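Below you'll find the structure, written out as structure tokens, and then a few comments.
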Amino acid sequence: MSDARKTHHPSHDGMPMTCRELFERLSDYVDGELSQELCEEIRKHMDGCDPCVNFAKTLKTTADLCRRLPSEPIPPEVAADLRSFLARHLPKPI
């Protein structure tokens, strides 16, 4: 876990967190990279939102499974295909 935890920047004075806001922060939450204040907001939201609880569990399980996979280099032909795809589909830098 990094020392520089992401902090909460209130977007709407005391209003409860929406499902969309939770979704945008959930990866950082699962990785333990958010402030305690923001983690508490997420826990409060999930206390009353079963779909978000289920999504969080699925994300955590997926992250745990990915961490267990062996790290292997991408085959050169796959890397070349990926670079080509990204070059065609990502916006060009200005």
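Check off (1) surrounded by 11 or more Cβ atoms within 10 Å (Cβ to Cβ); (2) at pLDDT 90 or above for His8 and give me the number that stays unchecked.
It fails just one condition, (2).
Return the residues of region 22-40 that are within 16 Å of the chain's Cα centre (by Cα) and touching a residue at least 24 places away in the same chain (Cβ under 8 Å); say none if nothing qualifies.
Within region 22-40, Leu22, Phe23, Leu26, Ser27, Tyr29, Val30, Asp31, Gly32, Glu33, Leu34, Ser35, Leu38 meet the criteria.
Filter region 36-62 for residues that are aliphatic (A, V, I, L, M) and farther than 16 Å from Glu24 by Cβ and give the result.
Val53
In this structure, does Ala87 turn out to be over 14 Å from the mean Cα position of the chain (by Cα) and in a helix (DSSP H, G or I)?
yes
Kindly list, by first and then second residue, each pair from a residue in region 62-83 that is touching a residue at least 12 places away in the same chain (Cβ under 8 Å) to a residue that is in a helix (DSSP H, G or I), limited to pairs with Cβ atoms under 9 Å and residues at least 6 apart or on different chains.
Pairs that qualify, where the first residue is touching a residue at least 12 places away in the same chain (Cβ under 8 Å) and the partner is in a helix (DSSP H, G or I), are Ala63/Ser27; Ala63/Val30.
Please go through region 60-82 and pick out each residue that is surrounded by 10 or more Cβ atoms within 10 Å (Cβ to Cβ) and either part of a helix (DSSP H, G or I) or within 22 Å of the chain's Cα centre (by Cα) (or both).
Once the filter is applied, which keeps residues that are surrounded by 10 or more Cβ atoms within 10 Å (Cβ to Cβ) and either part of a helix (DSSP H, G or I) or within 22 Å of the chain's Cα centre (by Cα) (or both), region 60-82 yields Lys60, Thr61, Thr62, Ala63, Asp64, Val78, Ala79, Ala80, Asp81, Leu82.
If Phe85 passes every condition in (1) surrounded by 10 or more Cβ atoms within 10 Å (Cβ to Cβ); (2) closer than 28 Å to Met17 by Cα but one, which one does it miss?
Unmet for Phe85, out of (1) surrounded by 10 or more Cβ atoms within 10 Å (Cβ to Cβ); (2) closer than 28 Å to Met17 by Cα: (2).
Which of the residues spanning region 33-59 are part of a helix (DSSP H, G or I) and surrounded by 15 or more Cβ atoms within 10 Å (Cβ to Cβ)?
Leu38, Cys39, Glu41, Ile42, His45, Met46, Cys52, Phe55, Ala56, Leu59
The values are calculated or read from the model by the stated rules, or taken from the named source; none is laboratory data. Just so we're clear, the structure is a prediction, and the values are computed from it rather than from any experiment. Ideal geometry is used to build each Cβ from the backbone, glycine not excepted, and the neighbour counts take in all protein chains shown.
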